[in-house]
Amino acid sequence: MLTTAVVFNALELGFIYALVAMALFLSFRVLNVADMTTDGAFVLGCAMSATAAVAGHPILGLPMAMLAGAAAGFITAALQTRFGVPSILAGIITNTGLYTVNLAVMGFSSNVPMLKTTTIFTMLRDVMGEKAPYKLVLCAGVTTVVCALLILFLGTRLGLSIRATGDNPDMVRASSINTAFTITVGLCVSNSMTALSGAVLAQYQKSADINLGTGMVVIGLASLIIGESLFGRGGLWRKAVAAVIGSVIYRFIIAIALRANVPSECLKLISACIVALAIAAPTIKANYDFKRRRASAMKGGKGHA
Amino acid sequence: MLDLKNVGKTFNPGTVNEKVALQNVSLHLEAGDFATIVGSNGAGKSTLFNAIAGSFLPDTGTIVLDGRDITLLPDFKRSKTIGRMFQDPLKGTAPNMTIEENLALAFLRASRQTSPFSRISKADRALFAERLAQLGLGLENRMKQPVGLLSGGQRQALTLLMATLVTPKLLLLDEHTAALDPATADKVLELTRQIVSENHITCLMITHNMHDALTLGNRTLMMDSGRIVLDVGGEERAHMTVDGLLDRFAQNAGHALDNDRILLSKQE
């Protein structure tokens, strides 16, 4: 059922989207902020990378995408920390504005084809040769490096401050740390990872499209939750690695679904259901336990209620 | 050390919920003063702490700490020199981070020069272990464990250590033992006394225990309706009984103290 090509494809995509899962790990889990900038920042990364590659600078496209993503994160963070916009709304506002920005970056066209363009992938192919698994090496390499840097970063004083901001903001202010600053740094870093994911994806599939980011935040969360529920118990590094593994597993689930002739139009609905169920699971379980207790109490016939 | 001049605060001014929380509060603490504060609910004790710590901007007055006017300074900047503890043991520590990481955050107040990208060093760890050992709770052997695994008393002791790891100019204790069981409360209070006196920390402590209010520290303040109505120290305090204190309060405030918890604790 799964041919080698399909397995490689799922691994490659899994590693690319793992950057989004790690970004959401940082914003959603560590900082405890639901960052809706994700969709727009992803496309921004795609657009920057594609435009740079078409202009002949495929490698430069990656840091440019990260900078642009950080800028988008900065705007969301500024809206919520300096101007009192609720955090979810701040992300949605930035995301809406980014649609125009992304079109502008792509020269006011809804897609950028790169069929004959030199990309980081073709450059590595020329080095490693046609037969080598150069795509997988590149995708896995970028994600591994970013994952290692993220884990190292979260162990630094600044990283500790960011983690504490999500864990107990009162205590952070009492430790002379400015939460506005830590939230800003956290969102800049997470959105630069999201943009990097988009940047690698654009060069991987040789095109950038304005709609690529739709639902990205849900897909990232699905990956994050899958990883957490399977491997996420333990230290910080384990949780970060779990996000990567979750993303790869998610891509395998999608690959199998496509093989089983699930129409690709249905995938977003499936992702949405996975995320809704996973996040609702503890509440559903609590309600179920309560109802069972109540039912058994009623059967007792004493009618305490 | 601490100088409050005519500090006033009214919440929700001009609405039906208007509440005068602080009325022209003036207070002077010498370096090394340890004052306890008692008063009924809503007397303005915690509001006073919030004003000093910078949780809000007072409507009137100035706050000077160690010669520096901090009235307009944001809370996170004040916390560089002001340590604070709350009644709720969950408020002072980050549960998903390890003991060592929590201490490293508290230690940030001292290390303004170090790079934000530096990590917890061996020297830091040794210092943390040494200070943890002084608590006598065995926490020095559990430094890699998340704080969420500790009991309320252990967390409060850790918070006390974090608030004083870098000696603050002022320590604010807001009924920090009230949520603990009596034995643990005694232990944490004893640690407080020890740390405060060893480091000569200027300290304000809110309590509902009249006995503690008279025996701990060197001054007793009583608050009512946003004012400090009584301030006793020295000889007068040394000879004062709980009943004497309550009488003086009734004289100055114009009514008897009506805090059940305080009156109940009187009979202990």
For an R0 of 45 angstrom, estimate the FRET efficiency from the Cβ-Cβ distance between A:Met128 and B:Leu72 and round to the nearest 0.05. 0.15
Label point 7 Å out from B:Asn199 along Cα-to-Cβ: which residues of segment B:1-42 have amide N under 17 Å? B:2, B:31-35
Build a GNM of chain B with springs between Cα atoms under 10 Å: which of B:Asp174, B:Asp212, B:Asp33 gets the top mean-square fluctuation? B:Asp212
Along the Cα→Cβ direction, 7 angstrom out, place labels at B:Arg125 and B:Asn141. What is the inter-label distance in nm? 1.8 nm
Exposed chymotrypsin sites (Phe, Trp or Tyr not before Pro) absent: longest stretch of chain B, with sites in DSSP loops and at most 16 other Cβ within 10 Å deemed exposed: B:118-268
Where the only charges are on Cβ atoms (+1 Lys, Arg; -1 Asp, Glu), what is the dipole of chain B about its Cα centre, to the nearest 20 debye? 1080 debye
Report the FRET efficiency, 1/(1 + (r/R0)^6), for B:Thr241 and B:Thr60, where r is their Cβ-Cβ distance and R0 is 30 Å, rounded to 0.05. 0.25
Low-density loop cleavage sites - trypsin sites (Lys or Arg not before Pro) in segment B:90-148, where at most 11 other Cβ are within 10 Å (DSSP): B:Arg112, B:Lys144
Calculate I(q)/I(0) for the protein assembly as shown by the Debye formula, one identical point scatterer on each C-alpha and no solvent, and give its log10 at q = 0.06, 0.09 Å⁻¹ to two decimals. -0.42, -0.81
Segment A:4-262 - charge dipole about Cα centre, Lys and Arg +1 at Cβ, Asp and Glu -1, debye rounded to 20: 340 debye
What is the ratio of the Cα radius of gyration of segment B:98-193 to 2.2 N^0.38 Å, with N the residue count, to two decimals? 1.09
Expected max-MSF residue from A:Asn95, A:Asn168, A:Asn111 in the GNM of chain A (alpha carbon, under 10 Å) is A:Asn168
With a/c under 1.5 counting as rounded, go ahead and sort segment A:105-177 into rounded, prolate or oblate using the C-alpha gyration tensor (a ≥ b ≥ c being the square roots of the eigenvalues; past the cut-off, prolate if a/b is larger than b/c, else oblate). oblate
What angle, in degrees between 0 and 90 and rounded to the nearest 10, separates the Cα long axis of helix A:58-81 from the longest principal axis of the Cα atoms of chain A? 30 degrees
At 1.4 Å probe size, with every protein chain present, just tell me what the per residue accessible area of segment A:4-262 comes to in Å². 39 Å²
Over 32 Å between Cα atoms, which of B:Lys9/B:Lys80; A:Lys291/B:Lys144; A:Lys285/B:Lys187; B:Lys19/B:Lys187; B:Lys19/B:Lys91 qualify? A:Lys291/B:Lys144; A:Lys285/B:Lys187; B:Lys19/B:Lys187
Calculated P(r) of segment B:52-120 - Cα pairs past 18 Å, %: 53 percent
Taking every residue of A:161-169, the Cβ atoms of other protein chains inside 10 Å of its Cβ average out to 5
Exposure ranking of B:Val25, B:Val64 by accessible area [1.4 Å probe, largest first]: B:Val64, B:Val25
With a probe of 1.4 Å, find how much accessible area segment B:61-119 has per residue, and write the answer as a whole number in Å². 45 Å²
Within segment A:237-275, which residues have the backbone N less than 11 Å from the label spot 7 Å out from A:Leu230 along Cα→beta-carbon, could you tell me? A:242-254
Could you size up the charge dipole of the protein assembly as shown around its Cα centre, putting +1 on the beta carbon of Lys and Arg and -1 on that of Asp and Glu, and report it in debye to the nearest 20? 1900 debye
May I ask which residue of A:Thr194, A:Ile256, A:Ala295 lies farthest towards the positive end of the charge dipole of segment A:188-305, with charges of +1 (Lys, Arg) and -1 (Asp, Glu) on Cβ and the Cα centre as origin? A:Ala295
Chain B: angle of helix B:122-135 to the longest principal axis, Cα-based, in degrees nearest 10: 50 degrees
Taking each residue of A:175-187 in turn, how many C-beta atoms of other protein chains fall within 10 Å of its C-beta, and what is the average? 4
At q = 0.15, 0.21, 0.22, 0.28 Å⁻¹, what log₁₀ I(q)/I(0) does segment A:1-70 have when each alpha carbon counts as one equal point scatterer in the Debye sum? -0.63, -0.94, -0.97, -1.13
Please report the buried accessible area for the interface of A with B, total over both chains, probe 1.4 Å, in Å² to the nearest 100. 2200 Å²
Segment B:159-243, Kirkwood Rh and Cα Rg, ratio Rg/Rh at 0.96
Helical mean residue ellipticity (222 nm; -39500 (n - 2.57) per DSSP H run of 4+; nearest 500) of the protein assembly as shown: -18500 deg cm²/dmol
Computed over the Cα atoms of chain A, what is the convex hull's projected area averaged over all directions, in nm²? 20.2 nm²
Reduced to Cα centres, the span from segment B:1-52 to segment A:81-148 in Å works out to 54 Å
Taking the dipole of segment B:172-268 about the Cα centre (Lys, Arg +1; Asp, Glu -1; charges at Cβ), the one of B:Val229, B:Leu191, B:Gly244 that reaches farthest to the positive side is B:Val229
Calculated FRET efficiency for the pair A:Ala55/A:Phe290, C-beta based, R₀ 60 Å, to 0.05: 0.50
Across the residues of B:71-84, average count of Cβ atoms on other protein chains within 10 Å? 3
Roughly what % of Cα-Cα distances in chain B sit above 29 Å, to the whole percent? 34 percent
Choice from B:Ser46, B:Ser79, B:Ser115 showing the highest fluctuation, given a GNM over chain B with Cα pairs closer than 10 Å: B:Ser115
Which of A:Leu13, A:Gln80, A:Leu60 sits farthest toward the positive end of the charge dipole of segment A:4-262, with +1 on the Cβ of Lys and Arg and -1 on the Cβ of Asp and Glu? A:Leu13
In Å³ per residue, the alpha-carbon convex hull of segment B:115-268 encloses 151 Å³
Checked segment A:185-259 with the C-alpha gyration tensor, a ≥ b ≥ c its square-rooted eigenvalues, rounded below a/c of 1.5, otherwise prolate if a/b is larger than b/c and oblate if not; verdict oblate
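The values are calculated or read from the model by the stated rules, or taken from the named source; none is laboratory data. Treat the numbers as computed from the prediction; the structure is a model and nothing was measured. Note that each Cβ is placed from the backbone with ideal geometry, even for glycine, and that neighbours are counted across all protein chains shown. For accessibility, only protein heavy atoms count, side chains too; no ligands or nucleic acids. Shrake-Rupley method; radii C 1.70, N 1.55, O 1.52, S 1.80 Å.
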